[in-house]
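Peer 1: First the structure, then my questions, so here it is.
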């Protein structure tokens with residue numbers, strides 16, 4: 001339905017900004033700060049390479065070790081979205097705006113193979129560093 005009056009501020013203002021959300025860490029999982037992370041079907045944070053990862057949600061804001069637990073963490077780890085310097089195998093200036101895929105929490109590639117999750121797009125190259133705009137950013 002179209003608006004007929006103004007609405008309260010629609011921007012979500014989470015603990016790390018409007019594009020960051022906190023997730024419980026899945027049982028048996030160990031998350032590393034700065035790693036690309038995904039969620040499983042239960043909405044729990046997992047490493048990209050973990051079986052059952054269904055959608056990339058950002059970069060982990062901190063380390064969290066839930067590897068010894070049989071249940072999801074009660075603490076939340078924030079998955080931050082934005083543009084980050086990340087290693088992209090085969091990526092160069094000719095690949096700006098090209099989709100990249102994640103094979104693990106620190107390996108992105110421009111080649112889709114198997115069931116690799118879409119991580120985002122190459123935003124730019126600066127001083128030989130590749131910057132990736134993560135999905136949903």
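Peer 1: Taking the range 74-113 only, how many residues are over 23 Å from residue 27 (Cβ atoms) and either part of a loop (DSSP other than H, G, I, E, B) or in contact with a helix residue (DSSP H, G or I) (Cβ under 9 Å, 6 or more places away or on another chain) (or both)?
Peer 2: The number of residues fulfilling the criteria is 15.
Peer 1: Run down 128, 93, 70 and say which single residue is farther than 23 Å from residue 33 by Cβ, at pLDDT 95 or above and loosely packed, with under 13 Cβ neighbours inside 10 Å.
Peer 2: One residue alone meets the criteria, 70.
Peer 1: Now a separate question. As an exercise: evaluate residue 66 against (1) farther than 23 Å from residue 124 by Cβ; (2) in contact with a helix residue (DSSP H, G or I) (Cβ under 9 Å, 6 or more places away or on another chain) and give the number of the one condition it does not meet.
Peer 2: (2)
Peer 1: Which ones in the range 58-67 are surrounded by 13 or more Cβ atoms within 10 Å (Cβ to Cβ) and either over 12 Å from the mean Cα position of the chain (by Cα) or not in a strand (DSSP E or B) (or both)?
Peer 2: Scanning the range 58-67 gives 61, 64, 66.
Peer 1: Restricting to the range 111-125, name every residue that is surrounded by fewer than 17 Cβ atoms within 10 Å (Cβ to Cβ) and more than 12 Å from the chain's Cα centre (by Cα).
Peer 2: The answer is 111, 112, 113, 114, 115, 124, 125.
Peer 1: Is one or more of the residues making up the range 106-124 under 15 Å from residue 23 (Cβ atoms) and in contact with a strand residue (DSSP E or B) (Cβ under 7 Å, 6 or more places away or on another chain)?
Peer 2: no
Peer 1: Residues of the range 47-57 being surrounded by fewer than 20 Cβ atoms within 10 Å (Cβ to Cβ) and closer than 14 Å to residue 108 by Cβ, which ones?
Peer 2: Scanning the range 47-57 gives a single hit, 49.
The values are calculated or read from the model by the stated rules, or taken from the named source; none is laboratory data. This is a predicted model, so every value here is computed, not measured. Note that we place each Cβ from the backbone using ideal geometry, even for glycine, and neighbour counts take in every protein chain shown.
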